[in-house]
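*Asks:* Mind looking over this structure? Questions follow.
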Amino acid sequence: MLDLKNRLQRITHLNQAAAVLEWDQETHMPEGAEESRARQVGTLRSLAHEMLTAEETVSLLEKASPESDIDSDLVRVVRRDIDKATRVPSSLIAEMAEASGRSKSAWMKARGTNDFSLFAPHLEHILELAVKHAEALGYDESPYDALLDQYEEGMTTRQVNEVFESVKKDLIPIVKQIADAPQISDAPAHGDFPVDRQWDFGLRVAQELGYDLNCGRQDVSAHPFSTTFSITDVRITTRSDERFFNPAFFGTLHEAGHAMYEQGIDLALEGLPLADGTSLGMHESQSRLWENLVGRSADFWKHYYPQAQQLFPEALSGVSGDAFYKAINSVSASPVRVEADEVTYNLHIMLRFELEQEMIAGRISVADLPAAWNDRMESWLGIRPENDTDGVLQDIHWSLGAIGYFPTYALGNLMSVQLFNAAERDIPALNEQIATGQFAPLLGWLRSNVHQYGRRRSANELLEKATGSTLNAAPWLDYIRQKFGALYGF
Ligand code: ZN
């Protein structure tokens, strides 16, 4: 076991070093270094991949005799990782990497000039490769299962489709009801919010939630993210808008939620492949829980609004706590996913999820994609994008070959409410605690029910143990009905 663990740790170190280089690339690196950095990261990642799939790792794995539950979980997870890593021929991996490089440039150009035809042939190629990839990985029911499994291990397309259908059926009428109701002004969240004070406030609140800056730090980047170099070094980034409160503050809470998950993993797993979030959906549930269930709640702002008002008198001196709470929760259908509110966000995801499946199954052609996108937008959200840049071209994911990734965002939203409800059941005073700025009990609950396990338990297993049910849409729908019913009077 010891030899296997040592080898796995050395592989992890290569991946962690690559992550440091990638973090530097997004935060500090001069632009001119792009080429050399890409080669450096490529070298480290391929060394890690070679070491993982090498004969030596396989034979250590065969000889390993687990001495603890962690050991048994480790052997099981690494076996599966190696199996997946060796199923895909390296020629296909190289072909996918090359295609995504070219396709990303084409996507940027198409987006900049609002010309989908520049991206279309690249997307066709990406889809062909995705089907080949799925065939290589193997699946039970549909090729999409294999693609989804890369990001959300253990969830099937059938399971996700069933859950999403039930969301869609109830959510589309709710969106229509809100659109027909008297609108809520989001003006209080717009105004003079000096960037340095936003930075200090967001980071202080993240710390008070439980993000440990002794094992983390925050930097500025164009697109916020969190990244892990070890359980004791989990970093976040943010960006600010001096005229709009939401992006930096809720972005910081979101990324801190991801980071607290990784900081909460059992230290006994350090350096092992188990020391990671169990799935992207579960990861997103942690960011969404802190960002929305906590950070956009009325209880939370009972505690923090007086502080915000004191810090930002230019924008908030004449604004009541109630008006501010409403402003940060106002709903308005936007064609752009990253601007979407809590209510409409999942519809953006389900649109992509449906179209991905239809493209992979060959039921819709790339040429018909923009029209299909716009039609569905119109029938679900009541808006039609004015151009493809704000429509089918808005996301980078497909250009990178990330097909099967989108559903994890919505899965995270659904799981976040399941978990929060279970925490509320186990901690009767939870809402009072949040209203008085005490977050340790909630974080402790998440640590013991989710974080500590890393990849030792699947998302469905964690959900079932903590909440009594596997993935389930009903709690999220109830939450939306209750919160936004009160705000919009239905
Ligand atoms: Zn996230």
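*Asks:* Run the quick spin-label model on Glu432 and Glu98: label points 7 Å from Cα toward the beta carbon, then report their separation in nm to one decimal.
*Replies:* Roughly 6.6 nm, to one decimal.
*Asks:* Mind ranking 189-202, 286-299 by how tightly packed they are, going by the mean number of other C-beta atoms within 10 angstrom, highest first?
*Replies:* On the way: 189-202: 16.7, 286-299: 22.9.
Final packing ranking: 286-299, 189-202.
*Asks:* By how many nm would the segment from Met29 to Asp219 grow when fully extended, if each residue of separation counts as 0.36 nm and the alpha-carbon distance is taken off? Display every interim value, and only then the final one.
*Replies:* Numbers: separation 190, 0.36 × 190 = 68.40 nm, distance 1.26 nm.
Taking Met29 through Asp219 to full extension adds about 67.1 nm, to one decimal.
*Asks:* State the number of lysine pairs found in the stretch 2-138 whose Cα atoms come within less than 26 Å, restricting to pairs 8 or more positions apart or on distinct chains. Walk me through the numbers before you get to the answer.
*Replies:* Values: Lys5/Lys63; Lys5/Lys84; Lys63/Lys84; Lys84/Lys104; Lys84/Lys132; Lys104/Lys132.
So the count works out to 6.
*Asks:* While we're on this one: Taking 1 over the mean of 1/r across every pair of different Cα atoms in the stretch 2-138, what Kirkwood radius in Å do you get?
*Replies:* Numbers: mean 1/r = 0.0569 Å⁻¹.
Kirkwood radius, the stretch 2-138: 17.6 Å.
*Asks:* Let me ask something else. Mind checking which of Gly485, Ala187, Thr389 is farthest towards the positive end of the chain's charge dipole, using Cβ charges of +1 (Lys, Arg) and -1 (Asp, Glu) about the Cα centre?
*Replies:* Among Gly485, Ala187, Thr389, the one farthest towards the positive end of the dipole of the chain is Gly485.
*Asks:* Given all pairs of different Cα atoms, what value in angstroms does the Kirkwood hydrodynamic radius of the stretch 429-490 take?
*Replies:* 13.8 Å
*Asks:* Hey, another quick one. Using the Cα centre of the stretch 2-138 as origin and beta-carbon charges of +1 (Lys, Arg) and -1 (Asp, Glu), tell me which of Ser59, Trp23, Ala94 is placed farthest towards the positive end of the dipole.
*Replies:* Of Ser59, Trp23, Ala94, it is Ala94.
*Asks:* Shifting gears a bit: Given points 7 Å out from each Cα along the Cα-Cβ axis, report the Lys168 to Ala268 separation in nanometres with one decimal.
*Replies:* Taking the two extended label points, one gets 4.4 nm.
*Asks:* Given the options Thr12, Phe116, Gln40, identify the residue whose Cα lies farthest towards the positive end of the charge dipole of the stretch 2-138 (+1 on Cβ of Lys, Arg; -1 on Cβ of Asp, Glu).
*Replies:* Among Thr12, Phe116, Gln40, the one farthest towards the positive end of the dipole of the stretch 2-138 is Phe116.
*Asks:* Roughly how big is the chain's charge dipole about its Cα centre, with Cβ charges of +1 (Lys, Arg) and -1 (Asp, Glu), in debye to the nearest 20?
*Replies:* Values: 44 positive and 72 negative charges, 72 e Å.
The calculated dipole for the chain is roughly 340 debye.
*Asks:* Convert 4 °C to kelvin, take the viscosity as 1.567 mPa s, use the Kirkwood radius over C-alpha pairs of the stretch 51-94 as Rh, and evaluate the Stokes-Einstein diffusion coefficient in µm²/s, rounded to a whole number. Numbers along the way, then the final one.
*Replies:* Working: Rh = 11.3 Å.
For these conditions, the coefficient is 115 µm²/s.
*Asks:* Kirkwood hydrodynamic radius of the chain from all distinct Cα pairs, in Å?
*Replies:* Details: mean 1/r = 0.0420 Å⁻¹.
Evaluated over the chain, this radius sits at 23.8 Å.
*Asks:* Taking the Cα centre of the stretch 2-138 as origin, work out the dipole magnitude from +1 charges on Lys and Arg Cβ and -1 charges on Asp and Glu Cβ, in debye rounded to 20. Don't skip to the end; give the middle numbers.
*Replies:* Numbers: 17 positive and 23 negative charges, 29 e Å.
Its charge dipole is roughly 140 debye.
*Asks:* Right, here's the next one. Within a Cβ distance under 9 Å of Arg384, other residues only, what is the Lys/Arg minus Asp/Glu net charge? Intermediate results must be reported in sequence, preceding the final value.
*Replies:* Details: positive: none; negative: Asp375, Glu378, Glu386.
Combined, the nearby Lys, Arg, Asp and Glu give -3.
*Asks:* For Lys176, go through the lysines and keep the ones whose alpha-carbon is under 22 Å away, minus same-chain ones fewer than eight residues off.
*Replies:* Lys168, Lys326, Lys483
*Asks:* Right, something else. By average Cβ neighbour count within 10 Å, what is the ranking of 25-37, 475-487, 48-60 from highest down? Could the numbers behind the result be given before it?
*Replies:* Working: 25-37: 11.7, 475-487: 17.4, 48-60: 15.2.
Going by the mean number of other Cβ atoms within 10 Å, highest first, we get 475-487, 48-60, 25-37.
*Asks:* Kyte-Doolittle mean at least 0.5 and Cα extent at least 18 Å along the axis: which DSSP H helices of the chain qualify?
*Replies:* Working: long enough: 2-27 (37 Å, -0.65); 34-53 (28 Å, -0.65); 69-87 (27 Å, -0.72); 90-113 (35 Å, -0.38); 116-137 (30 Å, 0.64); 157-180 (34 Å, -0.21); 195-209 (21 Å, -0.48); 246-263 (25 Å, -0.45); 298-311 (19 Å, -1.14); 345-360 (23 Å, 0.03); 407-426 (29 Å, -0.05); 474-488 (20 Å, -0.16).
Long hydrophobic helices here: 116-137.
*Asks:* Can I ask one more? With +1 assigned to the C-beta of every Lys and Arg and -1 to the C-beta of every Asp and Glu, and no other charges, what is the dipole magnitude of the stretch 102-208 about the Cα centre in debye, to the nearest 20? Could you put the intermediate results ahead of the total?
*Replies:* Numbers: 11 positive and 19 negative charges, 99 e Å.
Dipole about the Cα centre, nearest 20: 480 debye.
*Asks:* Something else now. Before rounding to the nearest 500, sum -39500 (n - 2.57) across all DSSP H runs of length at least 4 in the chain and divide by the residue total; then give [θ] at 222 nm in deg cm²/dmol.
*Replies:* Numbers: 21 runs with 307 residues, N = 490.
It lands at -20500 deg cm²/dmol.
*Asks:* Sticking with this one: With a 10 Å Cβ neighbour count serving as the proxy for reagent exposure, in which order, fewest first, do Ser103, Ser142, Ser416 appear? It would help to have the intermediate numbers written out before the result.
*Replies:* Working: Ser103 24, Ser142 17, Ser416 27.
Ascending Cβ contact count within 10 Å gives the list Ser142, Ser103, Ser416.
*Asks:* Under a crude label model (7 Å from the Cα following the beta-carbon direction), how far is Asp299 from Ser46 in nanometres?
*Replies:* Spacing of the two 7 Å Cα→Cβ label points: 5.2 nm.
Where a number appears in this text, it was derived from the coordinates with a stated rule and is not lab data. Keep in mind the model is a prediction, meaning the values are calculated, not measured. A quick note on method: Cβ atoms are made from the backbone with ideal geometry, for glycine too, and the neighbour counts reach across all protein chains shown.
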